[in-house]
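Undergrad: Quick one: the structure is below, questions incoming.
The values are calculated or read from the model by the stated rules, or taken from the named source; none is laboratory data. What you are looking at is a predicted structure, and each value in this text was computed from that prediction instead of being measured. So basically every Cβ, Gly included, is an ideal-geometry build from the backbone, and we count neighbours across all protein chains shown.
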Amino acid sequence: MKKILLILFFCLSNQLSFSQDFKKVDQIIKYYPEIQTIEQLAQKINYDFKNSNLEKVRAIYTWIGLNIKYDYMLFNSSLLRHPEFIAYNDEHDLDWIKRRKIKEVAQSTFEARKGLCTGYAYLFQRICNLMDIPNELIYGYTRTSFRDIGYIPKTKNHVWNSVKIDNRWLLMDLTFGSGYMYKDVWQKKFNQDYFDASKDFIKLTHFATDSKWNTYLDQKNLQEFCLDPFFKNAYLKSNIEIIKPTVGEIVINKKEKIRLSIKKLPNVDNIRYSYLHDDKIYDARIDNKQEQTTDIYFKNPKRDTSLHIYINNELALEYKVKIL
């Protein structure tokens, strides 16, 4: 019994020191001097955190999150560009062209201190490669707001990263880790939730097109993914499981209330909501009478809008609402 308790204590102690180490890593990176080249940055991180590949990866994630800004103007102009055509002789030639393009985008992102998702992901990969840390790019789709519910994109619109440490793949999204878009303005905010993000979370917000990563994440098909409600971080934190509606657009008549049914959870007692067209925050009516489910009721908005659901005061879930 003493041995078991000792092992448990040791494991818990390791977990605590592990999280504290990340705080130390973040603090060190926060006060890094001006870095002139990608190679210089890789060398400094490699030296400062030489005992741990995990700390190196965290340092790269934090430096990019604190120093690179999303280029929304470039994003808008890229929508107007014609597709890029690549001329090549064989697969080896094509692979070389792709690797050169990745290095060029990583370099331009580093120099400008801003870029698109490709810039974030390629820069992260470039630094990992300089440190010989195994990594892969993951291409696919993502959604950035409730407005994307029901929209099925024709081409891939996002790229994120994975790194292999101690025979385990860590998933991360450097773009989402550096901030978010609000009313077409980039809000810079370091977010560590996308460092070593759980598969359960990533599969709700990202769709991988490569069969390897699609299988790894155990994903739905693309159409089902695009029809889902829009999930936020707090959704997973609350351990909610939706029974209905499982699609992201709620269709009701003007006299109906909106009802959300979830598997019964005793710790969810603070659910509030708002509508896009209304500045007010309302308390939802929670019905716990059923044995297996909890029903949550929202007033009828009387018009087409979007429903934003807060669990324990944190935005967790968003739906489109259509009134017949």
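Undergrad: List pairs: first in the range 44-71 and farther than 24 Å from residue 115 by Cα and assigned by TED's automatic domain parsing to the domain that holds residue 30, second modelled with pLDDT of 95 or more and assigned to a helix (DSSP H, G or I), Cβ under 6 Å, 6+ apart or cross-chain?
TA: 49/55; 49/56; 49/59; 55/25
Undergrad: Report whether or not residue 151 is touching a residue at least 24 places away in the same chain (Cβ under 8 Å), in the same structural domain as residue 66 (by TED's automatic domain parsing), farther than 17 Å from residue 53 by Cβ and not in a strand (DSSP E or B). Spell out how you get there, then give the answer.
TA: Working: touching a residue at least 24 places away in the same chain (Cβ under 8 Å): yes; in the same structural domain as residue 66 (by TED's automatic domain parsing): yes; farther than 17 Å from residue 53 by Cβ: yes; not in a strand (DSSP E or B): yes.
Yes, satisfied.
Undergrad: Pick out, from the range 5-99, the helices (runs of 4 or more DSSP H) lying fully within it that include 2 or more residues that are at pLDDT 55 or above, farther than 21 Å from residue 109 by Cβ and not basic (Lys, Arg). Show your work before the answer.
TA: Working: elements: 38-48, 53-67, 72-78.
Where helices (runs of 4 or more DSSP H) fall fully within the range 5-99 and carry at least 2 residues being at pLDDT 55 or above, farther than 21 Å from residue 109 by Cβ and not basic (Lys, Arg), they are 38-48, 53-67.
Undergrad: With the condition kept exactly as written, say whether any residue in the range 132-153 is touching a strand residue (DSSP E or B) at 6+ places or on another chain (Cβ under 9 Å) and acidic (Asp, Glu).
TA: yes
Undergrad: Ok, one more. Give the number of residues within the range 171-188 that are over 15 Å from residue 65 (Cβ atoms) and either at pLDDT 85 or above or in contact with a strand residue (DSSP E or B) (Cβ under 6 Å, 6 or more places away or on another chain) (or both).
TA: 1
Undergrad: Mind listing whichever residues of the range 209-241 are surrounded by 16 or more Cβ atoms within 10 Å (Cβ to Cβ), within 27 Å of residue 293 (Cβ to Cβ) and in contact with a strand residue (DSSP E or B) (Cβ under 7 Å, 6 or more places away or on another chain)?
TA: 219, 225, 229, 230, 231, 232, 234, 235, 238, 240
Undergrad: Here's another thing I want to ask about it. Against the conditions (1) closer than 30 Å to residue 162 by Cα; (2) touching a residue at least 40 places away in the same chain (Cβ under 8 Å); (3) touching a strand residue (DSSP E or B) at 6+ places or on another chain (Cβ under 9 Å), where does residue 254 fall short? Just the number, please.
TA: Only one criterion in (1) closer than 30 Å to residue 162 by Cα; (2) touching a residue at least 40 places away in the same chain (Cβ under 8 Å); (3) touching a strand residue (DSSP E or B) at 6+ places or on another chain (Cβ under 9 Å) is unmet by residue 254, namely (1).
Undergrad: Hey, another quick one. Scanning the range 152-198 for residues that are basic (Lys, Arg) and under 23 Å from residue 129 (Cα atoms), which turns out surrounded by the most Cβ atoms within 10 Å (Cβ to Cβ)?
TA: Here is the first cut: in the range 152-198, the residues basic (Lys, Arg) are 154, 156, 164, 168, 183, 188-189.
If we keep only those that are under 23 Å from residue 129 (Cα atoms) too, we end up with 164, 168.
On the way: 164: 14, 168: 9.
Per the criteria, the residue is 164.
Undergrad: Scan the range 263-270 and tell me whether some residue there is at pLDDT below 95 and in contact with a helix residue (DSSP H, G or I) (Cβ under 6 Å, 6 or more places away or on another chain).
TA: Within the range 263-270, the subset at pLDDT below 95 is 263-270.
Filter once more, so that each one left must be in contact with a helix residue (DSSP H, G or I) (Cβ under 6 Å, 6 or more places away or on another chain): none.
No; the residues of the range 263-270 include none that is at pLDDT below 95 and in contact with a helix residue (DSSP H, G or I) (Cβ under 6 Å, 6 or more places away or on another chain).
Undergrad: Determine which single condition residue 322 fails, assuming it passes every other condition in (1) loosely packed, with under 13 Cβ neighbours inside 10 Å; (2) in a loop (DSSP other than H, G, I, E, B).
TA: The failed condition is (2).
Undergrad: When you scan the range 135-147, do you find a residue that is outside any strand (DSSP E or B), at pLDDT below 95 and hydrophobic (A, V, I, L, M, F, W, C), even just one? Outline the logic, then answer.
TA: From the range 135-147, those outside any strand (DSSP E or B) are 143-147; that's our starting set.
With at pLDDT below 95 added as a condition, the list becomes 143-147.
Within this subset, residues satisfying the condition of being hydrophobic (A, V, I, L, M, F, W, C) are 146.
Looking through the range 135-147, at least one residue is outside any strand (DSSP E or B), at pLDDT below 95 and hydrophobic (A, V, I, L, M, F, W, C).
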